[in-house]
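For reference, the structure discussed in these notes is given below.
The values are calculated or read from the model by the stated rules, or taken from the named source; none is laboratory data. The model shown is predicted, which means the values in this text are computed figures rather than measured ones. Cβ coordinates were reconstructed from backbone atoms using ideal geometry, including for glycine residues, and neighbour counts include every protein chain displayed.
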Amino acid sequence: MATDPRERDPDPPLADEPYAHTAAEAWVHRSGVLSLARARIMGVLNVTPDSFYDGGQLMPEGARRPNVAVVVRRGRQLVEQGAAILDVGGESTRPGAAPVAPEDEIARVVPVIEALVAALGREVPISVDTRRARVAALAVEAGASIVNDVSGAADPEMLGVVAASGAGLVLGHLRGEPRTMQAEIRFAHALREVTDELAAGVDRAVAAGIERPRMLVDPGIGFGKTSEQSAALVAAAGWLREATGCAVLIGASRKSFLGAITGRPAGQRLLPSVIAAIVAADRGAAVLRVHDVAETAEALAVARAIQAAFEAAERGESPA
């Protein structure tokens, strides 16, 4: 059982958590090992017509399948901009979204994953963003190295599929399902309840044969949470890492809580998204799932350079 940080302090001050900068050293996935010595970027490739921000860019309304060549070109671009992982999703999980038929989801993601692996090789792990074990199994067969399940393995067959395949796993937090998740948000203490539920999910995954180094946890920013709860969870990576024994993925990019803070629509949330990513990384997030890879990579590079310069000055080293 993972250590609960509340055993050390029943109500610790979150702003001063001593473990806020810890992170796992590496993420083991089906095609290799990804170093997590610094925050890594997961670039989003939504092959859907209705995702909340970029829906339709890679798959027009009415099309049964995406234009694979266009998706591969976009994937190459994201890697060149700094993405270490590409996350391919064939079903929108925005609030209020209707579920997609499994056959449609498979038709969207499998050809794209096959093409991305053929174009990029195994050095860039491909993640499939799905809640369905059947889709995950076919995606892994097509070359995916990671399964990103926002539902926390609600499909009873999901953990078995991941365990048998050797894939890495992102275990998300979601109460209910996307269509209804924002209708009745009930938390007495969101941070603690999300932590407890993720820790229980990790324990289930370990019991199913998935080792902790293969798993990341994701608190589900915007998935059945208020704007204030989502904002708090962006800064909770250290807390979650301590409680679950797993590295943490934060996906705050372009989400509605940023609109609640700034008053801006999704298309105008670039700067807020980058700021949220930097805060998440500073608080210990190992992976940042983002739409705006180039801008996030540049901001991370600046933050690292500033920190390195300070550390050098603290040691009394003269600047070059």
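For the range 223-246, does any single residue satisfy the condition of being under 20 Å from L45 (Cβ atoms) and either part of a helix (DSSP H, G or I) or in contact (Cβ under 8 Å) with a residue 60 or more places away in the chain (or both)? Steps first, answer last, please.
Looking only at the range 223-246, we keep the residues that are under 20 Å from L45 (Cβ atoms), and these are 223.
Restricting the remaining residues to those that are either part of a helix (DSSP H, G or I) or in contact (Cβ under 8 Å) with a residue 60 or more places away in the chain (or both) gives 223.
Within the range 223-246 (the criterion being under 20 Å from L45 (Cβ atoms) and either part of a helix (DSSP H, G or I) or in contact (Cβ under 8 Å) with a residue 60 or more places away in the chain (or both)), the answer is yes, since at least one residue qualifies.
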Next item on the list: Filter the range 192-206 down to the residues that are among the aliphatic types (A, V, I, L, M) and crowded, with 18+ Cβ neighbours inside 10 Å, then identify the one that is farthest from F257 (Cα to Cα).
Entry: V206
Margin query: Within the range 286-308, does at least one residue satisfy the condition of being among the small types (G, A, S), touching a helix residue (DSSP H, G or I) at 6+ places or on another chain (Cβ under 9 Å) and closer than 25 Å to P213 by Cα?
Written below: yes
Margin query: Checking the structure you have, find out if any residue of the range 49-61 is at pLDDT 70 or above and touching a helix residue (DSSP H, G or I) at 6+ places or on another chain (Cβ under 8 Å).
Written below: no
Checklist line | Within the range 274-297, considering residues that are under 13 Å from the mean Cα position of the chain (by Cα) and not in a helix (DSSP H, G or I), the one farthest from A39 (Cα to Cα) | finding: H291
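So, T130, is that one of a type in the set (S, T, N, Q), under 30 Å from F257 (Cα atoms), at pLDDT 95 or above and crowded, with 18+ Cβ neighbours inside 10 Å or not?
Numbers: of a type in the set (S, T, N, Q): yes; under 30 Å from F257 (Cα atoms): yes; at pLDDT 95 or above: yes; crowded, with 18+ Cβ neighbours inside 10 Å: yes.
Answer is yes for this residue.
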Next item on the list: Within the range 247-266, identify whether any single residue is in contact with a strand residue (DSSP E or B) (Cβ under 8 Å, 6 or more places away or on another chain) and in a helix (DSSP H, G or I), and answer yes or no.
Entry: no
Next item on the list: Run T296 past the list (1) out of contact with any Ser or Thr (no Cβ under 9 Å at 6 or more places or on another chain); (2) hydroxyl-bearing (S, T, Y); (3) crowded, with 23+ Cβ neighbours inside 10 Å and report the number of the one that doesn't hold.
Entry: (1)
Next item on the list: Could you please let me know if P99 is of a type outside the set (V, I, T) and over 17 Å from M215 (Cβ atoms)?
Entry: yes
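In the range 141-157, what residues are out of contact with any Gly (no Cβ under 8 Å at 6 or more places or on another chain) and of a type in the set (A, V, I, L, M)?
Restricting attention to the range 141-157, the residues satisfying the condition of being out of contact with any Gly (no Cβ under 8 Å at 6 or more places or on another chain) are 141-144, 154-157.
Correct list: A142, A144, A154.
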Notebook entry, point to check: When R38 is evaluated against the numbered criteria (1) at pLDDT 90 or above; (2) touching a strand residue (DSSP E or B) at 6+ places or on another chain (Cβ under 9 Å); (3) not aromatic (F, W, Y), which criterion, by number, is the only one it fails?
Noted result: (2)
Margin query: Among (1) buried (at least 19 other Cβ atoms within 10 Å of the Cβ); (2) at pLDDT below 90, there is one condition G75 misses while meeting the rest; what is its number?
Written below: (2)
Next item on the list: Could you list all residues from the range 207-222 that are acidic (D, E) and crowded, with 21+ Cβ neighbours inside 10 Å?
Entry: D218
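Between A84, A107, A142, which is under 20 Å from V47 (Cα atoms), surrounded by fewer than 24 Cβ atoms within 10 Å (Cβ to Cβ), at pLDDT 95 or above and out of contact with any helix residue (DSSP H, G or I) (no Cβ under 8 Å at 6 or more places or on another chain)?
Working: A107 fails: at pLDDT 95 or above; A142 fails: out of contact with any helix residue (DSSP H, G or I) (no Cβ under 8 Å at 6 or more places or on another chain).
Only one candidate passes the filter, namely A84.
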Next item on the list: Within the range 213-228, track down each residue that is out of contact with any strand residue (DSSP E or B) (no Cβ under 7 Å at 6 or more places or on another chain) and either among the polar types (S, T, N, Q) or modelled with pLDDT of 95 or more (or both).
Entry: P219, T226, S227, E228
Next item on the list: Go through the range 123-137 and give me each residue that's free of Cβ contacts under 8 Å to residues at least 60 places away in the same chain and small (G, A, S).
Entry: A133, A136, A137
Check: Out of curiosity, is L300 out of contact with any His (no Cβ under 8 Å at 6 or more places or on another chain), within 13 Å of I41 (Cα to Cα) and outside any helix (DSSP H, G or I)?
Finding: no
